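K.L.:
One structure, pasted below without further comment.
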Amino acid sequence: MSLAVAFDNIEKQFGPVRVLYGVSFDLTPGRIYGLIGENGAGKSTLMKILSGYEQPSAGTVSINGTVRAFDSSRDAEAIGIVLIHQELNLADHLSIAQNMFLGHEIRRGLFLDEPAMRDATRARLADVGLHKHPETRVRDLIVAEKQLVEIAKAMLREARLLIMDEPTATLTPAETQRLFALMARLKEEGVTIIYISHKLDEVERVTDEVIVMRDGRFVTREATADLTRQQMANLMVGREVSDMFPDKPPLADDAQIAFQVDHAYVPGWAANVSFSVRAGEVFGFAGLVGAGRTELFEGLIGVRKRTAGHLSIGGKEINPRSPRDAMHLGMTYLSEDRKGRGLHVDMALKDNLTMMTLERYAHPLLDVEAERDALKKAVHDFGIRTGNLASRARMLSGGNQQKLALAKFLHPDPRVIVLDEPTRGVDVGAKRDIYFLIHALAAEGRAVIVISSELIELIGLCHRVAVMRAGQLVATVGQEHLTEERLISHATGTH
């Protein structure tokens, strides 16, 4: 059965905070809709209402002409509405099969039918191109593989209306192509797909219509073919968005080498990697998922074991044993996992900001007023949008969480800054803010290293880009030769 959906004057408040204002539009079955808007526009909240995770404060949702109110996500799943969360919703200690059937176990009499669940899991994993044994523990998967498990789990629920929230954020180009093929097949079967993404090139490519939300309100619904990416971006932010990337300032001829790595080895991930970054340079790292970029830098800052190699900052050799040690030596690394390793989302904004530099504020008692002043400055300098300085980090939108994470890791005033996927999951406006911030940091004479899966981002930001493949640094491409084709060819070994 196909599902037609109509939102009628949907409103939502969390306590005194209103996040949705009279949202009304409808969805025709068997089409792919791109749902776009800045972080905080209300997209995810609206979809949580549709899928039973939240209740509207006012308004109604109709399915096939009948008003429905779901008490839980399970109620919504029972009629075929399935949400694939942006934040992965898996139990790490359980197997893939156990996660796939959690709460929906197949039984044979009094006992679980383990073989049937394994067979069904194997079939759905094949659909999404993940070749892992159903008994593999989820904790042993990389982030991209966990994302594919989430998609496979949705397939298992026999979705008739599938909501995908940033599904390709961690996927390789090949995995993304496979997902798009799967979406096309589901569409042919009459499944309605709502595709939430900040990657406007993907929205342009795979959707039939685009729905734009801004500040908790419905803005417009247009045929995708009638909108350019630039027009989409302008509708999202309510103004002209131009000059996405700042001009790259030329490096001074006498710019000193700020950070140098010679023959680094991180067992199982990176072998014999050497590179150098000059003061004032933005230096990129490209490569497919699993190429070893993140693991290399985890080895350099002491999160992983490094068995060989020399590091130096400003010509002085360093040997960090932990991230805190690296920080004291002048180097910080902002993880791609901002909620797991970047921020403590249940802590206050000021506590997150000053966590790495508490010694500055303890004399010996903690100077709370000085912490508040530091937070006010960070909110101003980094453009963090928050209605309440006393709120917890979880209350910020994704883009503002990323800005807070940047402020936290820059608070120690490092000379070398490593940013791993700094704009993953943030909207076009926040991306632009972060790009300009990165260049401002470089203009201060710092060495900035950007690890990114978005090639356009690396091309727009960086003076040079190093490309890794299977743990090896295979090429370093200068600014004058930076093209998507060249970076992809190095990353895939077809150059």
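The values are calculated or read from the model by the stated rules, or taken from the named source; none is laboratory data. Bear in mind that the values here come from a model prediction, so they are computed numbers and not experimental data. Cβ sites come from the backbone with ideal geometry, for glycine too, and all protein chains shown count toward neighbours.
Residue-by-condition table, conditions (1) more than 30 Å from Lys305 (Cβ to Cβ); (2) without any contact (Cβ under 8 Å) to a residue 24 or more places away in the chain:
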{"position": "Arg239", "(1), (2)": "yes, yes"}
{"position": "Met244", "(1), (2)": "yes, no"}
{"position": "Pro249", "(1), (2)": "yes, no"}
{"position": "Ala252", "(1), (2)": "yes, no"}
{"position": "Ala255", "(1), (2)": "yes, no"}
{"position": "Ala258", "(1), (2)": "no, no"}
{"position": "Ala264", "(1), (2)": "no, no"}
{"position": "Val277", "(1), (2)": "no, no"}
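K.L.:
Can you tell me which residues in region 404-433 are within 13 Å of Val450 (Cα to Cα) and assigned to a loop (DSSP other than H, G, I, E, B)?
P.N.:
Glu421, Pro422, Thr423, Arg424
K.L.:
Looking at region 1-30, which of its residues are among the β-branched types (Val, Ile, Thr) and not in a strand (DSSP E or B)?
P.N.:
Of everything in region 1-30, just one residue is among the β-branched types (Val, Ile, Thr) and not in a strand (DSSP E or B), namely Thr28.
K.L.:
Return the residue satisfying two criteria in turn: it lies in region 115-145 and is among the acidic types (Asp, Glu) and touching a helix residue (DSSP H, G or I) at 6+ places or on another chain (Cβ under 8 Å), and of such residues it is surrounded by the most Cβ atoms within 10 Å (Cβ to Cβ).
P.N.:
The selected residue is Asp127.
K.L.:
For Leu88, work out the one condition from (1) assigned to a helix (DSSP H, G or I); (2) under 24 Å from the mean Cα position of the chain (by Cα) it doesn't fulfil.
P.N.:
(1)
Here's the yes/no breakdown for (1) basic (Lys, Arg); (2) in a strand (DSSP E or B); (3) crowded, with 20+ Cβ neighbours inside 10 Å; (4) touching a Pro at 6+ places or on another chain (Cβ under 7 Å):
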| site | (1), (2), (3), (4) |
| --- | --- |
| Asp253 | no, no, no, no |
| Gln260 | no, yes, no, no |
| Asn272 | no, yes, no, no |
| Ser276 | no, yes, no, no |
| Gly280 | no, no, yes, no |
| Phe283 | no, yes, yes, no |
| Gly290 | no, no, no, no |
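Here's the yes/no breakdown for (1) over 30 Å from Gln472 (Cα atoms); (2) touching a Lys or Arg at 6+ places or on another chain (Cβ under 7 Å):
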| site | (1), (2) |
| --- | --- |
| Ala286 | no, no |
| His328 | no, no |
| Thr332 | no, no |
| Val345 | yes, yes |
| Leu353 | yes, yes |
| Leu365 | yes, no |
| Phe382 | yes, yes |
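K.L.:
Does Leu94 satisfy being surrounded by fewer than 21 Cβ atoms within 10 Å (Cβ to Cβ) and either closer than 22 Å to Leu148 by Cα or not assigned by TED's automatic domain parsing to the domain that holds Gly22 (or both)?
P.N.:
yes
K.L.:
Same structure again: With under 27 Å from Gly190 (Cα atoms), crowded, with 18+ Cβ neighbours inside 10 Å and of a type outside the set (Gly, Ala, Ser) as the only criterion, which of Leu88, Leu148 stands out?
P.N.:
Testing whether each residue is under 27 Å from Gly190 (Cα atoms), crowded, with 18+ Cβ neighbours inside 10 Å and of a type outside the set (Gly, Ala, Ser) leaves just Leu148.
K.L.:
Taking region 391-440, which residues are modelled with pLDDT under 85 and of a type in the set (A, V, I, L, M, F, W, C)?
P.N.:
Within region 391-440, Ala393, Met395, Leu396, Leu404, Ala405, Leu406, Ala407, Phe409, Leu410, Val426, Val428, Ala430 qualify.
K.L.:
How about region 1-41: which of its residues are closer than 26 Å to Gln231 by Cα and aromatic (Phe, Trp, Tyr)?
P.N.:
Within region 1-41, Phe7, Tyr21, Phe25, Tyr33 qualify.
K.L.:
Here is a follow-up. Out of the residues in region 31-65 that are part of a loop (DSSP other than H, G, I, E, B) and touching a helix residue (DSSP H, G or I) at 6+ places or on another chain (Cβ under 6 Å), state the one that is surrounded by the most Cβ atoms within 10 Å (Cβ to Cβ).
P.N.:
If we take residues in region 31-65 being part of a loop (DSSP other than H, G, I, E, B) and touching a helix residue (DSSP H, G or I) at 6+ places or on another chain (Cβ under 6 Å), then Gly37 is surrounded by the most Cβ atoms within 10 Å (Cβ to Cβ).
K.L.:
Could you say whether any residue in region 68-76 is farther than 30 Å from Ala286 by Cα, hydroxyl-bearing (Ser, Thr, Tyr), surrounded by 14 or more Cβ atoms within 10 Å (Cβ to Cβ) and out of contact with any strand residue (DSSP E or B) (no Cβ under 6 Å at 6 or more places or on another chain)? Spell out the reasoning first.
P.N.:
Keep residues of region 68-76 that are farther than 30 Å from Ala286 by Cα, which gives 68-76.
In the following step, the residues that additionally are hydroxyl-bearing (Ser, Thr, Tyr) were identified as 72-73.
Still in the list and also surrounded by 14 or more Cβ atoms within 10 Å (Cβ to Cβ): 73.
When the remaining residues are screened for being out of contact with any strand residue (DSSP E or B) (no Cβ under 6 Å at 6 or more places or on another chain), the result is 73.
There is at least one residue in region 68-76 that is farther than 30 Å from Ala286 by Cα, hydroxyl-bearing (Ser, Thr, Tyr), surrounded by 14 or more Cβ atoms within 10 Å (Cβ to Cβ) and out of contact with any strand residue (DSSP E or B) (no Cβ under 6 Å at 6 or more places or on another chain).
K.L.:
Also, quick follow-up: Quickly run through region 171-200 and pick out the residues that are touching a Lys or Arg at 6+ places or on another chain (Cβ under 8 Å) and either in contact (Cβ under 8 Å) with a residue 40 or more places away in the chain or crowded, with 19+ Cβ neighbours inside 10 Å (or both).
P.N.:
Within region 171-200, the subset touching a Lys or Arg at 6+ places or on another chain (Cβ under 8 Å) is 180, 187, 190-193, 196, 198, 200.
Residues satisfying the conditions are Lys187, Gly190, Val191, Thr192, Ile193, Ile196, His198, Leu200.
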